[in-house]
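The values are calculated or read from the model by the stated rules, or taken from the named source; none is laboratory data. If you're wondering where the values come from, they're calculated on a predicted model, not measured in any experiment. Quick reminder, even Gly has a Cβ in these numbers, built from the backbone with ideal geometry, and neighbours come from all protein chains shown.
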């Protein structure tokens, strides 16, 4: 175990104070040893993935940070119709997607290029280009802190929603995700649902390899691939989620703004484009002054241009959120996890 590790070295935003304690673990026994010691010492515990979906306060985290390192890969079932694989939560997400493509297992190729670890994928129910990971998860294996036991939770029990799951709600802080069971299609054709991706694939062979290559191309053009040579790389990806509003409000807005995109999101609900709302509220790509601002390639990404503090990023986020609310009457909600702050997220913004 090490001490006083800076979150600037642990997160893709490269901001935040220090963690009092830090440990990499690859077994439930190791994790429980560190956990019990921290609890005995009166310290809180935080499980860290790739640090790609997190904003840490300048005060840091006064407790133990655990990072899960298990990279198991077990084929549990295999037939001509499907393959079921159990994957360690310590796998880098994009490396796992690349592995599935190399093995000709389809299903995850549209989720290429997303930073972070496999263990964080079900917590956030990551999604992109018409795919959500929830549709491919059969179960999650978790370490329950209270009992010290590793248990299996079905995908249905996780109650996945849009960028949401019970791990972010009533299960928050209760488990460490140790591995995930995925159901994939051997030799199957990719399912293209996203218009931009469909357009980019015109004239190309629709295979997992080509879809992965195209998705990475698109993400790279938007600075949504972790690349140290990109001046926009210090980000947490999309900072705001696409808002889901009442269809009544969406219809009212569409009358005033006919070009506003929207998608059905369940009975009486419509999902709007956060990026569209932000740009039309006066915040173009590259907006902002000083060390924090919007990416020059994607308005949804708040970036640390170098030397930014968490407070700098909060000011940018609050200004953008307030501008959208004043222009459209729509509240944007942040996607990253906020760590080490003394107030709820809504009060910070």
Looking at this structure, is residue 116 closer than 23 Å to residue 26 by Cα and touching a residue at least 60 places away in the same chain (Cβ under 8 Å)?
yes
State whether the residues of region 51-64 include one that is part of a loop (DSSP other than H, G, I, E, B), surrounded by fewer than 22 Cβ atoms within 10 Å (Cβ to Cβ) and modelled with pLDDT under 95.
yes
Can you pull out the strands (runs of 3 or more DSSP E) entirely within region 109-199 that have at least 3 residues that are in contact with a helix residue (DSSP H, G or I) (Cβ under 9 Å, 6 or more places away or on another chain), at pLDDT 95 or above and closer than 28 Å to residue 64 by Cβ?
137-144, 175-186
Does region 229-238 include one or more residues that are within 21 Å of residue 194 (Cα to Cα), out of contact with any helix residue (DSSP H, G or I) (no Cβ under 7 Å at 6 or more places or on another chain), buried (at least 18 other Cβ atoms within 10 Å of the Cβ) and outside the structural domain of residue 335 (by TED's automatic domain parsing)?
yes
